[in-house]
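Every number in this text was worked out from the coordinates using simple rules, so none of it is lab data. Just so we're clear, the structure is a prediction, and the values are computed from it rather than from any experiment. In this analysis, Cβ positions are derived from the backbone assuming ideal geometry, glycine residues included, and neighbour counts consider all displayed protein chains.
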Amino acid sequence: MCYREGMGRAEHMLHQAARHGAPLRLGYKLEHRWTRLVGRLLRPILPEFMDRTATVVGGVIYLPLRRGALPDDLIARVVAHEWVHRRDMLAFGPLFYLSYALLLPVGWTARAHWERRAYAVELMLAWEEGGEQRLAATEAELVTFFAGSSYLWMCPGRRRAQRCLAPVSQQIRAGTLQETIPYRHILAAWRGSR
Ligand SMILES: [Zn+2]
């Protein structure tokens, strides 16, 4: 589990994700014709697709901007988030992709369900690195993501988004989320990458 010499933090996270059944590699949206096309199609509703968001498809994390433009630490955080998506994809197969894309008539979307599972990692790392203050600030930031256009209003209304995320923060404060898989493995990998 130790941080191998010469291995960057992101590389370490990729290595650990593969060890724990979530094989992933990095790609760049600007280097593929199909991602550039999707970026053009999504521009009216999701202008940040090409230069501000990472997208995982199959085992590839497509990063925004140019190769080398993002700090290693940020890529490591992206890998930690996509690690959860990759596991869910492998466990649920086409159901993951279908439900991610579809709206469900239950007040929030299935996309919010999957993203809450993945963003639990951001909340867990915020708690790990900055305690209550960082956790609360990260939760407030995520409420905006969940309620707003970044994920096509997957959890519309700030109140609803708060109700969606608050139980995750509670589990983190209690230390119970960190005991479950994949979060236990992700946290150990993160600690080992320092
Ligand atoms: Zn995600």
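Worth pointing out:
- Near Leu135, once Lys and Arg are set to +1 and Asp and Glu to -1 for all other residues with Cβ below 13 Å from its Cβ, the sum equals -4.
- For the chain, convex hull of alpha carbons as volume per residue, Å³: 119
- Under the Karplus curve 6.51 cos²θ - 1.76 cosθ + 1.60, θ = phi - 60°, whole-Hz ³J(HN,Hα) for the range 48-54, x wherever Gly or Pro sits: 7, 3, 7, 10, 10, 10, 9
- The dipole here belongs to the chain: it is taken about the Cα centre, uses +1 on the Cβ of Lys and Arg and -1 on the Cβ of Asp and Glu, and is about 440 debye.
- Rounded FRET efficiency, nearest 0.05, which uses the C-beta distance separating Val57 from Arg19 and R0 of 22 Å: 0.50
- Relative contact order [Cα under 8 Å, 6+ residues apart], the chain, whole percent: 22
- Remark on Val60: its backbone amide H falls under 5 Å from those of Arg25, a criterion applied only to residues 5 or more positions apart or on other chains, H modelled at 1.01 Å from N.
- Cα gyration tensor, the range 110-194 - rounded (a/c under 1.5), prolate or oblate: prolate
- For the peptides 49-58, 172-181, 14-23, the ranking by packing is 14-23, 49-58, 172-181, with the highest mean count of neighbouring Cβ atoms within 10 Å listed first.
- Taking the fewest neighbouring Cβ atoms within 10 Å as the starting point, the ordered list for Trp34, Trp127, Trp83, Trp153 is Trp34, Trp153, Trp127, Trp83.
- Order of Ser150, Ser169 under a 10 Å beta carbon neighbour criterion, fewest first: Ser150, Ser169
- Efficiency of FRET between Glu48 and Ala136 - r from beta-carbon atoms, R0 22 angstrom, step 0.05: 0.35
- Across the range 60-76, coupling constants 3J(HN,Hα) worked out from phi with the 6.51/-1.76/1.60 Karplus curve, θ = phi - 60°, read 10, 9, 8, 8, x, 6, 9, 3, x, 7, 9, x, 4, 5, 5, 5, 4 Hz, and Gly and Pro carry x.
- Exposure proxy order (Cβ contacts within 10 Å, fewest to most) of Thr109, Thr144: Thr144, Thr109
- Considering only Val38, Gly192, Ile172, the residue lying farthest towards the positive end of the dipole of the range 9-192 is Val38, judged by Cα position with unit charges set on Cβ.
- Each residue, Glu128 and Arg33, gets one label point 7 Å from its Cα in the Cβ direction; the gap between the two is 4.0 nm.
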